[in-house]
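Below is one structure, written out as structure tokens; comments come after it.
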Amino acid sequence: MSKNPRIIELEDVVVKFAGDSGDGMQLTGSQFSDTSAFVGNDLSTFPDYPSEIRAPQGTVAGVSGYQVHIGHKDVTTPGDLADVLVAMNPAALKTNMKWLKPGATVIIDIDNFDQKNYKKAEYIEDPLNDGSLEGYNIVKAPITSLTRSTVKEFGLDAKTADKTKNQFVAGILFWLFNRDLTIGENFIQKKFKKNADLVNANIAVLRGGYNYAETIEAMSTTFLVNPAKNKKGLFRNITGNIATAWGLLAASEKSGCGLFLGSYPITPATEVLQELAGRKHLGAITFQAEDEIAGICSAIGASFTGKLAVTSTSGPGLALKGEAIGLAVITELPIVIVNVQRGGPSTGLPTKTEQADLLQALYGRSGESPVIVVAATTPANCFSFAYEAAKLSLEHMTPVILLTDGYLANGSELWHIPEMKDMPEIHPPKVKDNHEGYMPYIRKPENLARMWAVPGQEGMRHRVGGLEKADKTGEVSHDPYNHQIMVGLRQEKVDRVANYIADQEILGEKDADLLVIGWGGTYGALYSAVKELQHEGRSISLAQFSYINPLPKNTEEVLKYAKSRVICELNLGQFAMYLRSKFPQYEYKQYNKVQGLPFMISELKAKFIDILENKGK
Amino acid sequence: MKENTDFAPVMIPQDYKLDSPVKWCAGCGAHAVLSSIRNAVPETGVKKENVVFVSGIGCSSRFPYYINTYGFHSLHGRAAPIATGIKLANPELSVWVVTGDGDSMAIGGNHFIHVIRRNINMSILIFNNRIYGLTKGQYSPTTPKGSVTKTSPEGSIEEPFNPGELVMGSQGAFFARVVDTEPKMMKEVFIQAALHKGTSVVEVLQNCVIFNNDVHENITGKDVRDEHQIYLKHGEPMIFGKEHEKGLIYRNNKLEVVTIGKDGISKEDILIHNARCTNSTIHYNLVKMDQPEYPVAMGIIRAVDKPVYEEMLYDQLDHAHEKSPIKCMDDLLKSGNTFLINESSS
Ligand SMILES: Cc1ncc(C[n+]2csc(CCOP(=O)(O)OP(=O)(O)O)c2C)c(N)n1
Ligand code: SF4
Ligand SMILES: [Mg+2]
């Protein structure tokens, strides 16, 4: 292969793939991220689906995207703006123009840029000739026609032939990023191993794309992103939903409590159910219930019977589960409720991200109904927090709500693969058969967890239920003083969890001019924004909360010394309201966004600089 | 159901008694049902630690507090899914659901049809008093049309459900009906319901002495019961009446009440009850029989074999475990695409 013209070494690059839902952009994107991981780049990805399965072809509503951020330096977000855009049709170009960096390379499938498709995309003028693309490096590649002519000899039907288009795109990118084509060929071999024709056709198209890129002159420069400088070891690329499912499996294996998931499909949480449904070989039982309520109730039944019980859902489903969560609170049975947040209220923005279920998680039930609430902060650490949620639930005999969101759930990043021997032990308070003097509501003195006996155990027959129960015996009790004691005990049990969780960390100085406060899935963007401002010499630090209820014991210490504070969240200020109720002595500014989109680093930086420079106001 | 067979059951009803007081109203039909269940459970051959009673909310759903087994008094309407989780978590358990007409067919209607459709091995006892007892007398999904209740002062304008029809419509494999005034019938049927593999539903016509007294009187009353009930038994002719003189035949695509010895009808013409017939046409017709045209069918109307959910589930679990090379978490973590970064793969 001939020498590439001019190679620019980059610290990081953002590539966005966009096309019709039918164009296989998710596949092209994930293949690109896999190759990036293979060559050792750090990475973060974010797919962007329309909520319609197949909106009319060629329309803006039908555009599906996949953004990949790769780096030699650490990568913590999928990136604000793209350096390279692949747009398979005019609608894809139209939707993504506003997310491009100046001078970005835009590869379009010129075969689809015709009057018919302009009309579908509601372009009034031909975007190729109206000057709107000025300043960008446009590569007009006849992707569809060249793909078709390449695969002609393999005798594929038209549909299968067109599906290989994404390999043409991949080929162009292999050339653009100076990657060894054999990596791509091996991927294809592995993927289609059962079908030699498909292997040959796909490889031919991959090479076709590569050769095309090499011969045209539009791309006078190519890029090189060297392996991640701060990563070493065995990694995999994992999405938040898969990491969540695996964290639960890991906790099940460690605790010896078999995994039971009762759930009902709902975007963007469905993959947790789907992934675990395919893990029967590890003993995972999944039950696709008739609705959200049956999902959690079956899990509560399984918990009563000694399982690590889980239900997974998104905001509307969490609302339906509220009554049953209360039942788990009063019966003091362990259960993990995974809530993958999406835009709300109601059906809202099913495929978009938001953090607006926080107060629902904390308070959305009848009566005094405290639960542990934790939030994962990156796609990969959904594993750790699912594990942690299960551990806390089992050891403290209480429901735990794990909050993730659409952005974490579908986004992915490189994950350093852990070993099970390094995962913390999990000790549920199970009792042996014929345990003398067993009563269901006798508690462990240190953490107030009740002792757990399960049906089938000899000499331990007992009854639980939703009516208030007498302290220790668990008999039904309507005694007013007993109720006060029990409400207090259930609250105290959750409060004491603070003794078992990690302290809150601060990235930066604790007496910084500005303390940025976030929680959950906004970590990547907040971290990058704060880091960059620190490099620019600003006095700014970050506290990203994962333990929401209870808060870490040192929370007051974390808040105390900062000269000003800003709470950033993808809602109208729910964590702000919570912190104000806990620590009213401090003043908090807010930065809130509710567009169904994650924070951009640039907007955060602008906001922080504004606060820092107008401190007095 | 894989029951523990090396255990010899020497349980007696007394083993299932609790010290705590039973708090149903004096004269409530539920008392008799409770004692029949206490009599039936020891005879199901199940180790007492393996018996679990699950209920929803309602007068009837207080049941688990009155029997010494594992018990779960749960949420209004949700007993079926809770019981589902229990059974799937440990198929060796003998799971009973006690529910009311409102609990199972109003707020819990969705769960009710789905548990039956799945055929999860459990016994569901519906205490059908045709009223909301616990909330003091509002009409329920089984309240007869026209009934005056607290929420239907001018008479209910709703068409009631017949629980058996719902069971049939949900592809149910076992349906029986009993009355709270017949302890022997209840005990016999409860035992069979427990032994049946799959979801078995027993409708108990229960009297609510406070809010719906005598609603079943036209079926259970001493002076009418022989004429207004037919106790069906598998393999026996469908005969009823004080003098055993009446019977059922199937003519012109419907059931018909006939008198033996009249109009040329002999005993041989009477239908033999086949509860195991997979075709549900006759069962459906039997379930629907009602006064005044027909006697109301009692006993086990349908009991057919069908694949059981949890058995299929555990077969899949075993098979998947055997087949997959991924046997533990560490295997899974290292499976598929992994990438060694800044290290040589030695
Ligand atoms: C979510 C919810 N809604 C309403 C109620 C009030 N409620 C309790 S029992 C009941 C009706 C019970 O009727 P049924 O199931 O027929 O039982 P019965 O008392 O007649 O045995 C109602 C409406 C409740 N406990 N929970
Ligand atoms: S209200 Fe009716 S159903 Fe409830 S306990 Fe009293 S008699 Fe029985
Ligand atoms: Mg009732």
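Going through the stretch B:17-70, which trypsin sites (Lys or Arg not before Pro) have at most 15 other Cβ atoms within 10 Å and a DSSP loop state?
Listed in order of number, the matching sites are B:17, B:23.
With a ≥ b ≥ c the root eigenvalues of the C-alpha gyration tensor of the stretch A:377-435, is it rounded (a/c under 1.5), prolate (a/b larger than b/c) or oblate?
Taking the square roots of the gyration eigenvalues as a ≥ b ≥ c, the stretch A:377-435 is oblate.
Roughly how many nanometres apart are two label points built 7 Å out from the Cα toward the Cβ at residue A:183 and residue A:57?
Going by the 7 Å Cα→Cβ label model, 3.3 nm.
About the Cα centre of the stretch A:470-547, how large is the charge dipole given +1 on each Lys and Arg Cβ and -1 on each Asp and Glu Cβ? Please answer in debye to the nearest 20.
Dipole size: approximately 160 debye.
Which residue, A:135, A:299, A:76, has the largest displacement toward the positive end of the dipole of chain A when charges sit on each Cβ (Lys, Arg +1; Asp, Glu -1)?
My answer, from the dipole projection, is A:299.
Contact order normalised by length for the stretch A:237-422, with contacts defined as Cα pairs under 8 Å and 6 or more residues apart; what percent is it?
Value for the stretch A:237-422: 29 percent.
For the stretch A:118-227, run through the trypsin sites (Lys or Arg not before Pro) and keep only the ones in DSSP coil with at most 11 other Cβ atoms within 10 Å of their Cβ.
A:193, A:194
Looking at the stretch A:6-225, send over the antiparallel percent of its DSSP beta bridges, to the nearest 5.
If I count the DSSP bridges inside the stretch A:6-225, around 45 percent turn out antiparallel.
Mind pulling the per residue volume of the convex hull built on the Cα atoms of chain B? Å³ is fine.
Normalising the Cα hull of chain B by residue number yields 205 Å³.
What ranking of B:254, B:150 emerges when the number of other C-beta atoms within 10 Å of each C-beta is taken as an exposure proxy, fewest first?
Ordered from fewest to most neighbouring Cβ atoms within 10 Å, B:254, B:150 come out as B:254, B:150.
Add +1 for every Lys or Arg and -1 for every Asp or Glu among the other residues with Cβ under 9 Å from the Cβ of residue B:296, and state the total.
Net charge in that neighbourhood comes out at 0.
Can you tell me the length gained on complete extension of the stretch residue A:145 to residue A:9, counting 0.36 nm per residue apart and subtracting the Cα distance?
Result for the pair: 45.7 nm of gain on full extension.
Out of B:151, B:44, B:181, any idea which swings most in a Gaussian network model of chain B, alpha carbons joined below 10 Å?
Per the Cα network of chain B with a 10 Å cutoff, B:151 tops the list.
Mind running the shape call on the stretch A:343-406? Use the C-alpha gyration tensor, a ≥ b ≥ c as the square roots of the eigenvalues: rounded below 1.5 for a/c, prolate if a/b tops b/c, oblate otherwise.
Oblate shape, in that a/c is at least 1.5 and b/c is the bigger or equal ratio.
What does the C-alpha gyration tensor say about the overall shape of the stretch A:514-614? Classify as rounded when a/c is under 1.5, otherwise prolate if a/b is larger than b/c, or oblate.
Judged from the Cα gyration tensor, the stretch A:514-614 comes out oblate (a/c at least 1.5, b/c at or above a/b).
So for the pair residue A:359, residue B:334, with labels modelled 7 Å out along Cα→Cβ, what separation do we get in nm?
Distance between the two pseudo-spin positions: 4.9 nm.
Kindly express, to the nearest 10 degrees and within the range 0 to 90, the angle between helix A:480-495's C-alpha long axis and the longest C-alpha principal axis of chain A.
The two axes meet at around 40 degrees.
Hey, what angle do you get for helix A:165-176 against the long axis of chain A, alpha-carbon based, 0 to 90 degrees rounded to 10?
80
Tell me the relative contact order for the stretch B:253-327 as a rounded percent, counting alpha carbon contacts under 8 Å between residues six or more apart.
Dividing the mean separation by the residue count of the stretch B:253-327 yields 26 percent.
What stretch of chain A, leaving out the sites themselves, is the longest with no chymotrypsin sites (Phe, Trp or Tyr not before Pro) in a DSSP loop having at most 15 other Cβ atoms within 10 Å?
A:1-560
Taking Cα pairs under 8 Å and at least six residues apart, what relative contact order does chain A come out at, in percent?
The value is 11 percent.
Pull up the DSSP beta bridges for the protein assembly as shown and report the antiparallel fraction as a percent, rounded to 5.
Percent antiparallel among DSSP bridges in the protein assembly as shown is about 35.
Just going by the charge dipole of the protein assembly as shown, with Lys and Arg at +1 and Asp and Glu at -1 on Cβ, which of B:300, B:126, A:381 is farthest out on the positive end?
A:381
Tally the DSSP beta bridges in chain B and give the antiparallel ones as a percent, rounded to 5.
Given both bridge residues lie in chain B, the antiparallel proportion sits at roughly 35 percent.
Calculate the dipole size of the protein assembly as shown relative to its Cα centre from +1 charges on Lys and Arg beta carbons and -1 charges on Asp and Glu beta carbons; express the result in debye to the nearest 20.
Dipole magnitude for the protein assembly as shown comes out near 400 debye.
Place +1 on the Cβ of every Lys and Arg and -1 on the Cβ of every Asp and Glu in the protein assembly as shown, take the dipole about the Cα centre, and give the residue among A:598, B:162, A:95 whose Cα lies farthest towards its positive end.
A:598
Work out which GluC sites (Glu not before Pro) in chain A are exposed loop sites (DSSP not H, G, I, E or B, at most 11 other Cβ within 10 Å) and give the longest gap free of them.
It works out to A:218-418.
Please go through the stretch A:1-64 and write out the trypsin sites (Lys or Arg not before Pro) that DSSP classes as loop and that have at most 15 other C-beta atoms within 10 Å.
Answer by residue number: A:3, A:6, A:54.
For chain B, take the longest principal axis of its alpha carbons; what is the angle in degrees between that and the long axis of helix B:79-89, to the nearest 10 within 0 to 90?
Tilt of helix B:79-89: around 40 degrees.
Please give the charge dipole size of the stretch A:509-617, origin at the Cα centre, charges +1 on K and R Cβ atoms and -1 on D and E Cβ atoms. Round to the nearest 20 debye.
Computed charge dipole of the stretch A:509-617: roughly 220 debye.
I want to make sure I understand the PRE zone here: with the label point 7 angstrom from the Cα of residue A:554 toward its beta carbon, which residues in the stretch A:509-543 have backbone N atoms less than 16 Å away?
In the stretch A:509-543, the label zone of residue A:554 (backbone N under 16 Å from the point 7 Å along Cα→Cβ) covers A:509-512, A:541-543.
In a Debye calculation with equal point scatterers on the alpha-carbon sites of the stretch A:4-53 and no solvent, what is log10 I(q)/I(0) at q = 0.20, 0.27, 0.33 Å⁻¹?
-0.80, -1.11, -1.33
Would you kindly work out the equivalent ellipsoid of chain A from its C-alpha gyration tensor and give its semi-axes, the square roots of five times the eigenvalues, largest first in whole Å?
48, 28, 21
Every number here is computed from the coordinates shown, using simple stated rules; none is lab data. Because the structure is a prediction, the values reported are computed rather than measured. Positions of Cβ are generated from backbone atoms using ideal geometry, with glycine treated the same way; all protein chains shown enter the neighbour counts.
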